[in-house]
Every structure is written in C-alpha cells, then in structure tokens.
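J.: Sharing a structure, written as structure tokens. Questions coming.
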Amino acid sequence: MAVPKMVYEWRLGIDDTDSLEGGCTTHFMFNILKEFKHKIKLVEYPLLIRLNPNIPWKTRGNGAVGIRFLANEEQAINIFEYVKEMLPPPSKKLKRNSGAILAKAEVLKKEIDSIVRKALTSVVGLNEVLKMIQKKELLYHAKGNKRGLIGALSVCGYEFLGDFTYELLLYRSPENYGTKRSVSLESIKKLEKRFSPQIFSSYDFETNTPLILPRGKDPVLLGIRSKNAELLKKAVKTLDILEPVEGGLIFKTNQATDDHFKRLSKKELGFNNVFYSTVKVSKKPERMIGGHVRVLVKDIKNEEDFWVVAYEPSKRFRDIVSKLIPEDLLWVGGGIRDEMFENRYTLNLERLIILRTVNEYKKINPDCPICGKKLTSKGKNQGFKCKKCGKSYPDAKPKLIPIKRQVMPGLYLPPLTAQRHLTKPLERFCEYNEIKNSDLRHEKKEVLSQDFFIDKSYFY
Ligand SMILES: [Zn+2]
C-alpha cells in the first residue's frame, strides 16, 4: 500500500517578469494559474503586493505576485519547474530581471518579516535576500542581476496587517496589445456612480479620466478595485467591453491601504525611503520652475529641516500646499528623493494632513491719531508720517488685520490620477468596515478556482 504523501502549505513568489515595454507580472501569474488552477488548492486569493513605490529601478508599479497553496512536495516542485521554464529571459534594455521563490510556509518566520517591511519602506539589498534564501534553504530561480528575488521573497513572507483590498484584472487578446483599449467610457462612469465607494477609484470626475484602464502596451485590459471580491465579479459584467477578453484573475492586494506608512519601524530620512512625520512650516512656500511647489518644514521631534514638494500634475493638491504659512502644523507622508537640495532632503508629498492652521494677518499702515488719515511709511523701520498734518510718528507700528485663511485643517490627497497604488483613497475612508475575524486570521481554508479565476466564457 502506498504511503500518502505529506501535504504542506507552500508559498510561491514571483517578481519582475514585466518590463518597460509590456509584459506584466500579474499576467504571468494568470498563465501559471490557467495551467495549475485545478491541480493545487489555494488557501488564499492570488496575491499582488505593492512594495516601496520610490525604488528608482522599479519597472512601473513595483508589484510582486504570489500564491499560497496546499500540495505535496512533488506537486509543489512540479509547479516550480513550470515557473522556471516560463520565466522570461533577462533584459538590460527592458530592466527585466525575473525571480521566483518557493518556500514552505512554516519556514518563513519573523526574520523574513523585517525584509518585507524594508521592501515596503526602504531599499532591500540583494545580498540580504540571497543570505536569507541560503539560510532557509529556499528553492529559487533568478535571471539577470537577480533583483526579482527581492520582490519574490517579500511576497512569500508577506502578512496582511488587517486591511486589504481586491483587484479584478482582465487581460487582452494578444493581437490587441499596444492598441487603444476598447471599453465604453459611459459604462465606466456608471460603474463609479453605482458602486462607489464599495468599488473605488474607477473614474475621476474631477479630471474626467477613467482610472481602470492602464496606459501602455501591457496585457491588462482593465482593473477594478474593492474590499469585496464577489462584488467585483458582479460589477465587471456591467461594463461594456468592446474587445475580446483572454480571461482574468482576482488578486488580494495591499493596494489602497497605506501599507507603506503602517510598516515604518524607524522613521529615518534617507534616499528612496518612505517617510512620514509631524512638522511645522518654517518658511513661505515657493513656486518652482514647472509649476511645482516647495515648502521648508521642521520635524517637531528632531528639529530637522527638510523640503516638502508637491508636483505640478497634482494641481489642486499643489495649490493647497502653496497656501500654507509658517507655523502651520502638518502631518506629511511620502517618499524621499534621491538627491539633496541645499543640503536637505526632499519629501515627495503623497499625503498631507493639515492639523492646525495659525492666523494670518495683513499689515496695513496705522491711522493718524490727530486727523484719522492713513499714515505713510518713511521706509523700513523708519516709522510713519502724516501727509496732511505733516507730523512724524517714529514709533508707530503697522496694524495687523486678520485675513481669512485659504486652507483648513483636514486630510488632503493628490487627485486620483496622481495617486500611488498604495495610497488609501478618500473613498475608502468612508467604507463600511466589514473586516471579519476570519479575514484577519490566516485560515487554511480553500479558495476555489471559480472564486479567483475568470474564464473568458464568463463574458460570453
Ligand atoms: Zn494727520
């Protein structure tokens, strides 16, 4: 009699199979699951994990993908061999250095967590990852400079901290890659109106831009996002899709959760790091060439000065920043630019909370105590003079008239078109909190292929 083979929970992580000129890591996972969806048991939806958005060598979204499944050793190795074969060749020109890792869930412990946290908030060294792979004896495969292993390991070790969202991605027929995406704009507007905030960031009425259609040559036709995976499957059918669909996948993601801000352990200023802090405005904001706005702030804890920049494309958001005045109290969060300006770091602003505004005054000349006419200034610190009476008032001070501030305390985000994948959009702040205990616990329950995999027959 054959001895039943031991079944383990496995984690497979894959990164950097996309490139600047098309391809997409999520589509790679779609192809893997097309092949294996009936051969393995997933214990969670396929994962799409966004990492530090400020990494300069990232291709586009800095996202890595993974699956968690139950299988015996032979089945797991089988799928990994298939992944190895499918990994695209490295390309310097396309900045593509794919990597894949297979690990038993039980060997991924706390130590990996520190790498995951670092991958979300700063820069992980490849050596650190290679050492960990060696120490834990993980199966891996990497192309080119092996940088894909960083994301691959991060997905394997990733644990959700309560919040998460789903994204349903549909893929195009290969013959349409590079052409304009044919989805009716009217139907996208309707989707936004009907399902927001449960389904968020679908259409930006402020700039009249659909947000579900990516630009570029990649295979993704569209992506819709929600806390509710079931709703996504229903809602996608309300869209008027005017081109053939290859199929789709629903990913569980850390998108739209502010995950990068939550994972900060030490908040240190450093190139390419995620950073947030409570600060006071030190100087009046300056408008820069290109319409960007820069303001010098002081960290209220360590008194360190740094620049905060809001870029021109963020329009209204940038205008809010330009109306700040010295002593306003703020919470600022974003990524640190990889160059110093006037010996100070620069934070690319992603999220702004105005905590307290100070009064703003306008200086006007005082009135003449004798005739009541407005005095005229005799020059800086020279006092005032009445033209009518001819008398001088060397000690008179200008009058301070309070003026209405143009900004109010509150939370401010760039327009939806300029938001990062990880940024929690305003719509999600009013989302009914429906996190169940079972979502928080890592339950070994099976997720069926009909839950996460969308066959093209779904649309016809
Ligand atoms: Zn006078």
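The values are calculated or read from the model by the stated rules, or taken from the named source; none is laboratory data. Because the structure is a prediction, the values reported are computed rather than measured. All Cβ positions, glycine included, derive from the backbone under ideal geometry; neighbour counts span all protein chains shown.
J.: Does at least one position in region 184-191 carry a residue that is in contact with a Leu (Cβ under 7 Å, 6 or more places away or on another chain) and hydroxyl-bearing (S, T, Y)?
T.: Looking through region 184-191, at least one residue is in contact with a Leu (Cβ under 7 Å, 6 or more places away or on another chain) and hydroxyl-bearing (S, T, Y).
J.: Name the one entry in K131, K136, K190 that is closer than 22 Å to F80 by Cα, surrounded by 13 or more Cβ atoms within 10 Å (Cβ to Cβ) and among the charged types (D, E, K, R). Walk me through how you get there before you give the answer.
T.: Numbers: K131 fails: surrounded by 13 or more Cβ atoms within 10 Å (Cβ to Cβ); K190 fails: closer than 22 Å to F80 by Cα.
Answer to the check: K136.
J.: How many of the residues in region 188-204 are over 13 Å from L426 (Cβ atoms), outside any helix (DSSP H, G or I) and among the aromatic types (F, W, Y)?
T.: Looking only at region 188-204, we keep the residues that are over 13 Å from L426 (Cβ atoms), and these are 188-195, 198-199, 202-203.
Next, only the ones that are outside any helix (DSSP H, G or I) stay: 198-199, 202-203.
Cutting the leftovers down to among the aromatic types (F, W, Y) gives us 203.
Adding up the residues that qualify gives 1.
J.: Considering each residue of region 209-232, count those that are surrounded by 19 or more Cβ atoms within 10 Å (Cβ to Cβ) and in a helix (DSSP H, G or I), and give that number.
T.: Total meeting the criteria: 1.
J.: Here's a follow-up. Check whether at least one residue in region 75-86 is farther than 24 Å from M132 by Cα and either assigned to a strand (DSSP E or B) or of a type in the set (K, R) (or both), and report yes or no.
T.: Looking through region 75-86, none of the residues is farther than 24 Å from M132 by Cα and either assigned to a strand (DSSP E or B) or of a type in the set (K, R) (or both).
J.: Inside region 386-398, can you point out the residues that are surrounded by 12 or more Cβ atoms within 10 Å (Cβ to Cβ) and either more than 9 Å from the ligand (Cβ to nearest atom) or within 55 Å of the chain's Cα centre (by Cα) (or both)?
T.: Listed by number, the residues that qualify are S392, Y393, A396, P398.
J.: Looking at (1) assigned to a loop (DSSP other than H, G, I, E, B); (2) touching a Phe, Trp or Tyr at 6+ places or on another chain (Cβ under 7 Å); (3) over 30 Å from I49 (Cβ atoms); (4) away from the ligand (no atom under 16 Å from the Cβ), can you tell me which one P414 breaks?
T.: (3)
J.: Quick test of your reading of the structure: P402 fulfils all but one of (1) surrounded by fewer than 11 Cβ atoms within 10 Å (Cβ to Cβ); (2) more than 16 Å from the ligand (Cβ to nearest atom); (3) more than 27 Å from R294 (Cα to Cα). Name the failing condition by number.
T.: Unmet condition: (3).
J.: If N365 meets every condition in (1) polar (S, T, N, Q); (2) more than 25 Å from F261 (Cβ to Cβ); (3) modelled with pLDDT under 90 apart from one, which number is that one?
T.: Tallying (1) polar (S, T, N, Q); (2) more than 25 Å from F261 (Cβ to Cβ); (3) modelled with pLDDT under 90, N365 fails exactly one: (3).
J.: Right, next: Out of curiosity, is V297 of a type outside the set (K, R) and touching a helix residue (DSSP H, G or I) at 6+ places or on another chain (Cβ under 9 Å)? Working first, answer last.
T.: Working: of a type outside the set (K, R): yes; touching a helix residue (DSSP H, G or I) at 6+ places or on another chain (Cβ under 9 Å): no.
No.
J.: Regarding L349, is this residue touching a Gly at 6+ places or on another chain (Cβ under 7 Å) and in the same structural domain as K283 (by TED's automatic domain parsing)? Give the derivation first.
T.: On the way: touching a Gly at 6+ places or on another chain (Cβ under 7 Å): yes; in the same structural domain as K283 (by TED's automatic domain parsing): yes.
Yes.
J.: Provide a single number: the residues in region 97-114 that are part of a helix (DSSP H, G or I) and surrounded by 21 or more Cβ atoms within 10 Å (Cβ to Cβ).
T.: Pass one, region 97-114, residues part of a helix (DSSP H, G or I): 105-107, 110-114.
When the remaining residues are screened for being surrounded by 21 or more Cβ atoms within 10 Å (Cβ to Cβ), the result is 112.
Count: 1.
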